[in-house]
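Accompanying notes for the structure given below.
Each reported figure results from applying straightforward, stated rules to the coordinates on display, with no laboratory input. If you're wondering where the values come from, they're calculated on a predicted model, not measured in any experiment. Positions of Cβ are backbone-derived with ideal geometry, glycine not excepted, and every protein chain shown enters the neighbour counts.
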């Protein structure tokens with residue numbers, strides 16, 4: 001069964017026809033061409049498909065696209081402005097918090113949400129790790145990712 005939905009993706013209004021059985025991950029990748037949203041485990045365990053839905057980090061593989069009707073979706077593609085990386089994206093680059101890249105977009109989106117909620121608060125590295133617990137990386141020891149997030153929390157706007 002198909003249905004028309006309206007959503008805002010990276011600040012752009014979209015009207016699309018979807019199969020009500022499709023995940024948001026499938027729609028973002030296949031219909032909208034947003035390839036930063038990666039399919040890792042497909043069961044909500046790894047966080048590679050993390051996007052922000054109304055500024056809340058959600059695993060897009062578990063979220064039906066039909067549920068996104070009327071919502072605002074943010075992906076990595078929408079985070080940079082005027083060819084300049086977002087604060088979180090730049091911190092990941094500066095701190096070497098990337099390896100193979102499969103998990104990176106999901107981590108960036110989870111970290112973006114965390115930084116927006118906790119900016120300039122006294123947050124421990126342990127709290128950052130807990131805040132990013134839904135995202136898994138097989139390549140790093142997480143220290144560079146935590147350092148990148150800490151850097152963003154400590155920066156002035």
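With the cut-off at 1.5 for a/c, could you classify segment 87-154 from its C-alpha gyration tensor as rounded, prolate or oblate?
Prolate, because a/c is 1.5 or more and a/b exceeds b/c.
Using helices alone, I'd like the mean residue ellipticity at 222 nm for the chain: each DSSP H run of four-plus residues gives -39500 (n - 2.57), total over residue count, nearest 500.
On the way: 4 runs with 42 residues, N = 157.
About -8000 deg cm²/dmol.
Any idea what angle helix 104-118 forms with the longest principal axis of the chain, computed on alpha-carbon atoms, 0 to 90 degrees, nearest 10?
That works out to roughly 70 degrees.
From Cα pairs below 8 angstrom and at least 6 apart in sequence, can you work out the relative contact order of segment 3-155, rounded to a whole percent? The partial results should precede the final answer.
Working: 282 pairs, mean separation 37.7, N = 153.
Relative contact order here is 25 percent.
Apply the a/c threshold of 1.5 to the C-alpha gyration tensor of segment 28-70 and tell me whether it is rounded, prolate or oblate.
It comes out oblate by the Cα gyration axes.
Go through 128-134, 149-155 and give me the packing order, highest mean Cβ count within 10 Å leading.
The peptides rank, most packed first, as 149-155, 128-134.
Before anything else, pin down the relative contact order of segment 1-40: Cα pairs under 8 Å, at least 6 apart, normalised by residue count, whole percent.
29 percent
Between segment 90-120 and segment 1-61, what is the C-alpha centre distance in whole Å?
Spelled out, the Cα-based centre of one part sits 19 Å from the other.
Using a ≥ b ≥ c from the Cα gyration tensor of the chain (square roots of the eigenvalues), is it rounded, prolate or oblate, where a/c under 1.5 gives rounded and otherwise the larger of a/b and b/c decides, a/b for prolate?
prolate
Where in segment 42-68 does the amide nitrogen come within less than 20 Å of the point 7 Å from the Cα of residue 1, taken along Cα to Cβ?
Inside the label zone: 63-68.
Once both axes come from the Cα atoms, what is the angle between helix 143-154 and the longest principal axis of the chain, in degrees from 0 to 90, rounded to 10?
It works out to around 90 degrees.
Take residue 12 and residue 72, extend 7 Å from each Cα along the Cα→Cβ direction, and tell me the distance between the two endpoints in nm.
1.8 nm
Relative contact order of segment 2-77: what whole-number percent is it, with Cα pairs under 8 angstrom and at least 6 residues apart?
39 percent
Quick one: the Cα spread of segment 2-77 along its three principal axes, in angstroms, biggest first?
So the three principal-axis extents are 29, 24, 20 Å.
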